[in-house]
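The values are calculated or read from the model by the stated rules, or taken from the named source; none is laboratory data. Keep in mind it's a predicted model, so treat the numbers as computed, not measured. No Cβ is skipped: glycine too gets one built from the backbone with ideal geometry, and neighbour counts run over all protein chains shown. Accessible surface is based on the protein model in full, side chains and every heavy atom, while ligands, DNA and RNA are left aside. Shrake-Rupley method; radii C 1.70, N 1.55, O 1.52, S 1.80 Å.
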Amino acid sequence: GLPAGLSTVLESLRILVVDDEADSRELVSAILTRCGGEVRVCESADEALQTFRSWKPDILISDIGMPNQDGFDLIKKLRKQRLKLAKEIPAIALTAYATDDDRARTLSAGFQMHISKPIEPKALVRSIAGAVGRKVS
C-alpha cells in the first residue's frame, strides 16, 4: 500500500505512460490512478506521440526497452518537436538496466529521471511529484 500522504499528490495530473508490456502498464497505471493521477497508457512510441499531441499530458513516463522504437527514440522525437510542451515536459525513464552508464545515457537523452524496474510504488510516485514540482509530505 501507499502512505496516506501520497493518496492525492498526483491529483488532476495528466500522466502519459508508455510501455510495451501490458503487466507493467497496468501496474504503473494502477499506482498513479490511486494517487489521483489521470493516466493514459500507450504501448508504442508512435502511439505515445499521437496521444501526446491530442491529450497534452503534464508528464511522460516511458519504458526504455521497447521493440521497434525504444524510449530513447521516443524522447528524441519528442524533444525535437516545435511544441514548447514537447521540449519541456518532464520525462521519467523506466528501465531494467540500472548501471551508472545507463542512468547517464537516459539523462543525456532528454529524460529528467531514471527509475529501475521492478518498480517501487512509493519511489515512482515521489519521483513524479518531484518532477512536476509538487511537495510530498
| task | Just flag the GluC sites (Glu not before Pro) in region 1-94 sitting in loop per DSSP whose Cβ has no more than 12 other Cβ atoms within 10 Å. | result | GLU11
| query | Using a Förster distance of 22 Å, how high is the FRET efficiency between ALA30 and VAL132, based on the Cβ-Cβ distance and rounded to 0.05? | reply | 0.65
| With labels modelled as points extended 7 Å from the Cα through the Cβ direction, what inter-label distance (nm, one decimal) is found for ALA96 paired with SER44? | 2.1
| field | Within the chain: Cβ-based charge dipole about Cα centre, in debye rounded to nearest 20 (Lys, Arg +1; Asp, Glu -1) | value | 800
| remark: Of the accessible area of the chain, computed with a 1.4 Å probe and all protein chains kept, carbon and sulfur make up a percent value of 50
| query | With every protein chain present, what is the per residue accessible area of region 1-136 (1.4 Å probe, Å²)? | reply | 50
| request: Find, among the trypsin sites (Lys or Arg not before Pro) in region 5-83, those assigned to loop by DSSP (not H, G, I, E, B) with at most 15 other beta-carbon atoms within 10 angstrom. | output: ARG82
| query | What lysines sit close enough to LYS56 to cross-link, taking a C-alpha to C-alpha distance under 21 Å and skipping anything fewer than 8 places away on the same chain? | reply | LYS76, LYS77, LYS80, LYS84, LYS87
| task | Restrict the search to region 39-106; then list the chymotrypsin sites (Phe, Trp or Tyr not before Pro) that DSSP places in a loop and that have at most 15 other Cβ atoms within 10 Å of their Cβ. | result | TYR97
